[in-house]
Amino acid sequence: MRAIIHEAYGAAHDVLTLREVQKPVPGDSEVLIRVKAASMHADVWHVVEGVPYVIRLGNGVRRPKRPIPGTDLAGIVEATGANVKRLRCGDAVFGEIVKFGWLNGGAYAEYAVVPEEFLVLKPDNITFEQAAAVPAAGIIALSNIRLGNKAGQKAVINGAGGATGMLAIQILKAQGAHVTAIDSAGRLPLMTAAGADRVVDYAKEDYLCGTERYDFVLDIAAVLRPTEYKHVLTSTGQYVPIGHAHYGHASRFNGRVFGSLPYFIGLLLRTLLDPRKRKAFKILSKLQLMTELKTLLESGKLTPVVAKTYPLEDVAQAMRDMQAGKTLGRMIITP
């Protein structure tokens, strides 16, 4: 089969090559997927570049132990392991291959093996390309929205025009929230189409200086500190940061050794030390989250945006286009 091979850490055009390799064989609790579509996203960039350096502990200190990058896919089940019970050959499925995002998963290939517990059936009302656009971004959005949002609240999303933000808008609207979406001018129409009640161009309006108070702030851009949001929150309002390192250029997350990990570990510890937040804190399995996303997709309340598709040999170009930030929606690889 054809696959993208990640030979060393560095810029995609220097370290990624297209090769013929042996088709993988599923283990007892795995399925073999004929990949129809796989997504390009920021976590893949981190692993390919090996930045921050701490992620190399899981991938291989000197060079990647798992040679094929990519984590999100959609495709057809070709074979199943002995212990697989829920999926059958011929099923159309989608999901995230790895337990943690900062790992090479094997999605950029014609075939991939995936643990059954990470996959759900693809809804008939979306394409394989749309399905592949959902897992990483959807899991991040849904997990963080669960930390604070309740129906009927006023919510704001800072950095709402990216793949995660677009799904977050729709998830919040499905939960009954009034959503204010913040991003650059070129992304405002897309956010309006996604269902945002109000859109704001951050270059023209500082929403933090207004009189509006919010029950929930989802900070995807994460360019400010949590204390700078306190005055826009209601008395019971919650601030939940996601953070984007902007491919090593963000001023707050430019540590090449540990990146943003110390910051987010600190936030997690503060959450666990707060009795009210600790009571609401619950980590759902990947299967539970993917099942929720599948339900939203089937209902038509969640529609992923596919910006452009690339053949397998153009993975490096897709990564460069993603970094440029000019394409609206997810970039999809089609083996």
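The values are calculated or read from the model by the stated rules, or taken from the named source; none is laboratory data. Values in this document were obtained by computation on a predicted structure and should not be read as measured data. For neighbour counting, all protein chains shown are included, and Cβ atoms are generated from backbone atoms with ideal geometry for every residue, glycine included.
Annotations for the structure displayed:
- Taking the criterion of being among the small types (Gly, Ala, Ser) and closer than 24 Å to Val21 by Cβ, the residues of segment 282-321 that qualify are Ala316, Ala318.
- Among the residues making up segment 39-61, a single one is over 17 Å from Thr17 (Cα atoms) and of a type in the set (Asp, Glu): Asp43.
- Scanning segment 36-77 for residues that are under 18 Å from Ala324 (Cα atoms), in contact with a strand residue (DSSP E or B) (Cβ under 7 Å, 6 or more places away or on another chain) and small (Gly, Ala, Ser) gives a single hit, Ser39.
- Cβ separations smaller than 6 Å between residues 6+ apart or across chains give the following pairs from segment 192-208 residues that are over 23 Å from Gln170 (Cβ atoms) to residues that are assigned to a helix (DSSP H, G or I) and not polar (S, T, N, Q): Leu208/Val232.
- Taken over segment 160-208, the residue count meeting the criterion of being in a loop (DSSP other than H, G, I, E, B), in contact with a strand residue (DSSP E or B) (Cβ under 6 Å, 6 or more places away or on another chain) and not acidic (Asp, Glu) is 5.
- Residue under evaluation Tyr108, criteria (1) over 18 Å from the mean Cα position of the chain (by Cα); (2) modelled with pLDDT of 95 or more; (3) of a type in the set (Phe, Trp, Tyr), criterion not met: (1)
- Within segment 164-177, residues that are free of Cβ contacts under 8 Å to residues at least 60 places away in the same chain and among the polar types (S, T, N, Q) sit with their Cβ atoms under 8 Å from residues that are surrounded by fewer than 24 Cβ atoms within 10 Å (Cβ to Cβ) and in a helix (DSSP H, G or I), at 6+ positions apart or across chains, in these pairs: Gln175/Ile145.
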